[in-house]
Structures are given as structure tokens and as C-alpha cells.
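**Student:** Quick one: the structure is below, and I'll ask about it shortly.
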Ligand SMILES: [Fe+2]
């Protein structure tokens, strides 16, 4: 009798497992964190119908450049759909699809070395109006602490838990505390130009091996205006986020590393985007909302400064929301950052007593950039405000600019100034372009038209503080280093 009961019990357990495994919802997009400081962080997640993206799905049709322009101008959702999805197929059947699904989520978190101090949230429904996502803002955290995060999913009250996922983040040390740190900064990648077809971008694997204390993505995390598909509707924009966030390397990295997300033109709306523009059926306002309020951890303001201990402070600036039109006449009224953000940056940078100050920006400030570009402070179209900012930064001898956007790696040190700029370079070799490798200018200390990322370390040696900034290739090999001490 005992044996029969045991057998039935084991059968019950197994049938339960099988049932929940088939049923979902799942965490196909893992979870992301954002905006971490000493006491708070935001956690974002999304529920998915399947545990993985549909890599074997149907391929998108690619309209010609002329048709792309027409579809953009006409803004007809049916024409946009029919030009890119083969007849008889739904979007969920296309390559890379990772559709969302209704359900509930809850979060458990605790300091790694104090599992007894666990906090468990109530169950919350994901929001189908926001692509089946949910966000929590956690407050009252301890500084300089590694936290474990566990998420659970269920279909509804009766279904039981259908998926579990675990990850971590760490909070920054206080301004008085001195500790060795390392971090990574990247820019520009998309699903189509990933360098490992099954897993995503190789650099994420390389960066994870370095155990970065934090990570900054400077934007162009996806490209709405590149084919397969051209994301000319909100539905297609979401499709692209669902797909890239389901790539295993990306998913594995983001759930374990304290992350700061920034946006640029291609993930706000379209190439060189500014207020008032639209892309297909999507307005400028919706483009910002999808990034700032739905697909990424949200914050009141889209910019932030965070102290990472005694030796380091980082500033992450917003380069799209407040800008003038690129073709407005240059002068005192023309802006990229807007007056409020600029005043905040100037004030907080002056007030800071951090040993090293990193200004992390989606777009370059020093360049050099191509002559035919007119979208950033390194271009003549924004030289009035660009000069004002360069003059401000030049009063410091401990500020280092780290920029995204440009698809090549460089270190610029403008001769006769304190101005340094480190361009992280694109996220894969096939994404690298835009500058001629032979065109080395006097201000270039390093130039490499290849993919990779920027690695930074802050540490103590010989009774001094050091900042090391290293360019790495996509496999994590160091290709250039600059060392600063104070
Ligand atoms: Fe880009």
C-alpha cells in the first residue's frame, strides 16, 4: 500500500512538472535592471508564451529602399505588414518571434550573504497594453551589496508557478568608500548583425567573464529602421525588442549585471531622429514612450549621475528627448541636451569630489566624425553648444568622455587640452564601419574600425588611484589601453 501511494505521489509530481512546463507563461526575455544607485533599482520583466525565441521561423520579406520610403510616408499598417510578412503567416510565426502572454509575476530579493532578509512582493499582472511587461522599483537597499533576485510566473491564482528565473545585481558603494571596480560600456548592435546566430552577440559572453560591477549601454540597442523587419508600426517595434532580448547571451548577461540603459536615434525612432519626426505609423511621442516607459526600466528623468565609491562618478546624459531639429540654424538657442539637463550636468560635475569623472553619452562630443553628419556635438551643425560644453569640460583634468553611436573604436585627446574621448565601437565586427582605418588624425591616440567594447577599471596601487580604460575586441582581448592616475 505504502509503495502504491509513493508511486502515485511520484506520478503526481511528474505530471505536475510536465503540465506546468508545457503551459507557460515563461520568462523568455529574462529580466533587466536599471537606474541603480546606493539605495534603489528598477527591475523590468516580460511574460512570454514560449521559453525561447522562434529561431526556425519564417524569414521576413525585404522591401526595396524605394518601397521602404513609400511605406514610411503612407503609414498604412496593412501595407507595412503585407510588404514584410509572407502571405498566410502571422508575426508570431516569423523568425525570432517571442510573443508575450498574460499572467502574473512576483519578485523575491535579498542580499547574497543574508538570505534570511528576503523580501517577497505580491503577485502582479503583467500589462498587455505595455507588451506584457511589469516593473518594480525597489527602495531601501544597502549600498555596496550584491543582491539575488528571483522571479516567479504563473498564469493565474489557480495555476501554480509556471516558470522561475534567478539573477543578481549589485549596488554602488557610497562616496566615502574606496573599492576596486570594473565596468563595461557598449553601443550599437542589432539582431541581424549578431555574430553568433544561435546565441546573440559574442561580446556579452566575453564581458560576463570579466564580472563587471556595472554595465552601460549607450544606445542603438536595436535598429527600428533596418530591414527584417522595418519597424514602421508599434507592433513591429515590440517584435524587435522581444527578439533581441530573447537571445541567450544577452538574456544571461542582463539578468546578472547592474545595467544602465541609454537610447539613441535608432531605438528612439529612426536615423538622426529629433522631436516632431515620425516613423511609419509611430509618432515621436510614442517612440519615446515605448523606450522610456515600456521596454526598459523607467525613471522620472531620462538622465542620471551615480557615484561609484570615492574614486568614480558617472554621468549618463540623454541625447534625444530635449534636442532641437538637426537642421535648425546653429546658435545659442540650438541644443541637444536642453537647458535643464545641461545646468544639472554642469552643477553636479562641479560639485563632485570623485577622483575620476566619466561622462557617458550616446553620441560623440569631440569626434572626429564624418563631415556629412549633422547629429552630434562633434558636427558643425551643433558647434555653438558643442564649444560651450567642450570649454566647460576642459576646466577639469579628471573628466573622460565615453561615447556610443559611432561604429568604430577610437581614443581622442584634443592636442593642448584636457579633453579625452573613448568611442566604444559597434557590438560586432559586421556592424563596424563609417571611418577609414587609414585616416588617422593628429587627435587620434587609437583607431580601430572593428567591433568590441570598452572596459574600465578603477583601483588602488602604490598609494594612488588609477583609472584604466581598455578597448576590447568582441572576444574580450585588449586591443588598446590608456592609464590615468591621481
Ligand atoms: Fe548605430
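**Student:** Scan the stretch 260-276 and tell me whether some residue there is in a loop (DSSP other than H, G, I, E, B), in contact with a strand residue (DSSP E or B) (Cβ under 6 Å, 6 or more places away or on another chain) and more than 16 Å from the ligand (Cβ to nearest atom).
**Tutor:** Scanning the stretch 260-276, I find no residue that is in a loop (DSSP other than H, G, I, E, B), in contact with a strand residue (DSSP E or B) (Cβ under 6 Å, 6 or more places away or on another chain) and more than 16 Å from the ligand (Cβ to nearest atom), so the answer is no.
**Student:** Restricting to the stretch 120-146, give me the number of residues that are in contact with a strand residue (DSSP E or B) (Cβ under 9 Å, 6 or more places away or on another chain), free of Cβ contacts under 8 Å to residues at least 24 places away in the same chain and under 23 Å from residue 300 (Cβ atoms).
**Tutor:** Selection size over the stretch 120-146: 3.
**Student:** So, in the stretch 81-99, of the ones that are in contact with a strand residue (DSSP E or B) (Cβ under 6 Å, 6 or more places away or on another chain) and not in a loop (DSSP other than H, G, I, E, B), which residue ends up farthest from residue 243 (Cα to Cα)?
**Tutor:** 93
**Student:** Quick one: residue 223 ticks every box in (1) assigned to a helix (DSSP H, G or I); (2) within 15 Å of the ligand (Cβ to nearest atom) bar one, so which box is it?
**Tutor:** The single condition residue 223 does not satisfy is (1).
**Student:** If you don't mind, another one. Just need a number here: residues in the stretch 398-416 that are outside any loop (DSSP other than H, G, I, E, B) and either away from the ligand (no atom under 16 Å from the Cβ) or surrounded by fewer than 22 Cβ atoms within 10 Å (Cβ to Cβ) (or both).
**Tutor:** First, pick out the residues of the stretch 398-416 that are outside any loop (DSSP other than H, G, I, E, B): 399-403, 409-413.
Remaining after also requiring either away from the ligand (no atom under 16 Å from the Cβ) or surrounded by fewer than 22 Cβ atoms within 10 Å (Cβ to Cβ) (or both): 399-401, 411-413.
Within the stretch 398-416, residues that are outside any loop (DSSP other than H, G, I, E, B) and either away from the ligand (no atom under 16 Å from the Cβ) or surrounded by fewer than 22 Cβ atoms within 10 Å (Cβ to Cβ) (or both) number 6.
**Student:** Assigned to a loop (DSSP other than H, G, I, E, B) and within 24 Å of the chain's Cα centre (by Cα), is that true of residue 433? Show your work before the answer.
**Tutor:** On the way: assigned to a loop (DSSP other than H, G, I, E, B): yes; within 24 Å of the chain's Cα centre (by Cα): yes.
The answer is yes for residue 433.
**Student:** Also: Quick one: count up the residues across the stretch 370-391 that are under 17 Å from residue 418 (Cβ atoms) and touching a helix residue (DSSP H, G or I) at 6+ places or on another chain (Cβ under 6 Å).
**Tutor:** 1
**Student:** Continuing with the same structure: Please go through the stretch 147-187 and pick out each residue that is in a loop (DSSP other than H, G, I, E, B), under 24 Å from the mean Cα position of the chain (by Cα) and either without any contact (Cβ under 8 Å) to a residue 40 or more places away in the chain or within 16 Å of the ligand (Cβ to nearest atom) (or both).
**Tutor:** 187
**Student:** While we're here: Output yes when any residue across the stretch 431-442 is surrounded by 18 or more Cβ atoms within 10 Å (Cβ to Cβ), at pLDDT 95 or above and more than 16 Å from the ligand (Cβ to nearest atom), and no when none is.
**Tutor:** Taking the stretch 431-442 first, the residues surrounded by 18 or more Cβ atoms within 10 Å (Cβ to Cβ) are 431-432, 435.
Keeping just the survivors that are at pLDDT 95 or above gives 431-432, 435.
If we keep only those that are more than 16 Å from the ligand (Cβ to nearest atom) as well, we get none.
For the stretch 431-442, residues surrounded by 18 or more Cβ atoms within 10 Å (Cβ to Cβ), at pLDDT 95 or above and more than 16 Å from the ligand (Cβ to nearest atom): absent.
The values are calculated or read from the model by the stated rules, or taken from the named source; none is laboratory data. Quick caveat, the model's predicted, so the values are computed rather than measured. Because the Cβ atoms are built from the backbone with ideal geometry, glycine has one as well, and the counts that use them run over all protein chains shown.
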